[in-house]
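The values are calculated or read from the model by the stated rules, or taken from the named source; none is laboratory data. The model shown is predicted, which means the values in this text are computed figures rather than measured ones. A quick note on method: Cβ atoms are made from the backbone with ideal geometry, for glycine too, and the neighbour counts reach across all protein chains shown. These accessible areas exclude ligands, DNA and RNA; they are computed on the full protein's heavy atoms, side chains included. Shrake-Rupley method; radii C 1.70, N 1.55, O 1.52, S 1.80 Å.
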Amino acid sequence: MGLRSVLTGATTTLTEPVDPRFELAALAVQDESLPLVFESVAGYPEVSAVTNVVSSRDRIASALGVESGDIVTALTNATTAPRELSAPMDAMFEHVADSPTVADYVPIPTYYAEHERQYIASGIVVAQDPDTGVHNLSFHRLMYDGDTDFVMRLVERHLHDIRTRTDGPLGVAIVVGVHPAVELAAATSGSPDMSELEVANALLDGDLATTTIDGLTVPAEAELVMTGQIRAETRSEGPFVDLSRTWDTVRQQPVVEITSLHLRPDPNVRVVVPGRREHAHLMGLPQEPRIHRIVENTVPTVQEIVLTPGGCSWLHGVVAIEKRTEGDAKNAGLAALAAHPSMKRVVVVDEDIDPADSDAVEWAIATRVQADEDVETIEKAKGSSLDPSQDFETGTLTKWLIDATVPENREQSDFAEATVPGVENVHLEEYQ
């Protein structure tokens, strides 16, 4: 299964030519509710672009074939029981060029005007561990630096570790345009011996087709595959608009030289606009199973955890629990803050509140919270480097916990939302 399998339902299709410099991003962010297909990209007559594929939890759930509230369970099951890949198949992509000037073949958007940088923000880097043979998939932003070269933001996680244990340049494949299950698996933080391809295969119930290119296993239905080498040379990377929708800093980062380029016929180049909903979901949602496991060790009745889009899907979270005793909410909130150190604010709600519904969460705060009793602050804590409000001299900030659960000494019915009877049995379209 590939990207095209999730474009068969409701989509918005634009037929007029769109400029990848600013215009594409401007259209993408106007309405993130449905996948957006750009059938015509100016300067690239044979290429389409696709965005807003994972811009909502409902869309992600639909792609995985589960209910919205079951996404974390699906991810947890896939990471704890990955599924072995079937034998490699023929690739659906074709060789286009060696040592290509990449921008001649692929639109690389410029998203923001303040610092004009062309980025591929949807690139999944595939590398093989030289010791275990396990393939690692991970997202890394790629700043185009002309001709065959990108500058990669390489954080100190698995790919960085693989590179340190590799003699000479590290051979990689960069994959763009795959099924959302592969994107979610690539964004998941797991142990070094976890195969993200097998996690994606589990999410797809064994339907992930793979192929081999330059000794690396990649999704056979990928829209774009580039092979290349991460060199020892470094160059300036950035600034880049990160999850906080503010500019990240400039760093010296390694150069990736592209040695071959492969495309599907009439390719759909996958675009993720930095700092917007898709970026947030791909970063935040795969963290939720880990947070859930850690909170569950403290409060076994935890129901659901959501890193909220309004909180950059990184800095703010909501934890829903079945509260049995006073103090459960604060324990759950403290455990969540410890489980995800980048989180700055956590709201703990009762199980009748949908943690993914920002209106419902705010309603719970409005009707169930007294600040002098239900708000706790933790000063001078280490937070996320993405938070522009922190004290950059010390790298610390104040975290806070809101207990928005019904007080133990009050009746739950006093805080229940009144409902209009029969809503679930009537439908507007039947009366039109």
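Descriptive notes on the structure:
- Nonlocal amide H pairs with I108, under 5 Å, H built at 1.01 Å: none
- Derived scalar couplings ³J(HN,Hα) [segment 45-50; Karplus, 6.51 cos²θ - 1.76 cosθ + 1.60; whole Hz; x for Gly, Pro]: x, 9, 10, 10, 10, 9
- ³J(HN,Hα) computed for each position of segment 178-194 - Karplus, 6.51 cos²θ - 1.76 cosθ + 1.60, integer Hz, glycine/proline x: 9, 4, x, 4, 5, 4, 5, 5, 5, 8, 7, 8, x, 6, x, 8, 7
- When you restrict to C-alpha pairs under 8 Å that are six or more residues apart and normalise by the size of the chain, the relative contact order lands at 15 percent.
- Rg(Cα)/(2.2 N^0.38 Å) for segment 102-167, N = residue count: 1.29
- Candidate residues H160, H340: accessible-area rank, largest first, probe 1.4 Å: H160, H340
- Taking a quarter of the surface of the Cα convex hull of segment 62-183 gives a mean projected area of 10.7 nm².
- At a probe radius of 1.4 angstrom, the accessible area of segment 221-298 per residue rounds to 33 square angstrom.
- Residues E429 and E16, FRET efficiency given R0 of 35 Å [Cβ-Cβ distance, rounded to 0.05]: 0.65
- Overall, the accessible surface of segment 103-201 at a probe of 1.4 angstrom is composed of carbon and sulfur to the extent of 42 percent.
- Shown is the FRET efficiency for D104 and S62, computed with R0 = 41 Å from the Cβ-Cβ distance and rounded to the nearest 0.05: 0.70.
- Fraction of accessible area attributable to carbon and sulfur, segment 363-432 (%, probe 1.4 Å): 51
- Amide hydrogen neighbours beyond the local backbone of V41, cut-off 5 Å, H modeled: V18, V47
- Volume per residue of the C-alpha convex hull in segment 148-266, rounded to whole Å³: 139
- For segment 171-235, the orientation-averaged shadow of the C-alpha convex hull comes to 5.3 nm² (one quarter of the hull surface).
- Computed 3J(HN,Hα) for segment 354-366, one whole-Hz value per residue from the Karplus formula 6.51 cos²θ - 1.76 cosθ + 1.60 where θ = phi - 60°, is 7, x, 8, 9, 4, 5, 5, 5, 5, 4, 5, 5, 5, glycine and proline marked x.
- Computed with a 1.4 Å probe over protein heavy atoms only, the accessible surface of segment 125-187 comes to 33 Å² per residue.
- Hull volume per residue, based on the alpha-carbon atoms of segment 53-119 and their convex hull, is 199 Å³.
- Remark on R270: its backbone amide H falls under 5 Å from those of V50, G177, a criterion applied only to residues 5 or more positions apart or on other chains, H modelled at 1.01 Å from N.
- Taking the centroid of alpha carbons for each part, segment 342-366 and segment 31-97 are 28 Å apart.
- Cα pair distances in segment 202-357, grouped into 5 Å bins until the bin that holds the longest one, percent each: 2, 8, 13, 13, 13, 13, 13, 11, 8, 5, 2, 1, 0
- Accessible area of M89 (1.4 Å probe, protein heavy atoms only, ligands and nucleic acids ignored): about 110 Å².
- Whole-Å distance, taken between Cα centres, linking segment 98-166 and segment 189-237: 12
- Computed label-point distance, nm, for sites D205 and E296 using a 7 Å Cα→Cβ extension: 2.3
- Percent accessible area from carbon and sulfur atoms, segment 241-305, protein chains only, probe 1.4 Å: 45
- Qualifying trypsin sites (Lys or Arg not before Pro) in segment 366-432, where qualification requires a DSSP coil assignment and no more than 11 other C-beta atoms within 10 Å, comprise R410.
- Shown are T101, T132, whose ranking by accessible area with a 1.4 Å probe and every protein chain present, most to least, is T132, T101.
- Cα shape, segment 198-246, gyration tensor, a/c 1.5 rule: oblate
- Qualifying GluC sites (Glu not before Pro) for segment 112-217 [loop in DSSP, other Cβ within 10 Å: at most 10]: E114, E116, E156
- Neighbourhood net charge (12 Å Cβ-Cβ; Lys/Arg +1, Asp/Glu -1) for L315: +2
- The slack in the chain from H160 to S33, taken as 0.36 nm per residue of separation less the alpha-carbon distance, amounts to 42.2 nm.
- For F415 and E94, the FRET efficiency from 1/(1 + (r/R0)^6), where r spans their Cβ atoms and R0 equals 60 Å, is about 0.50.
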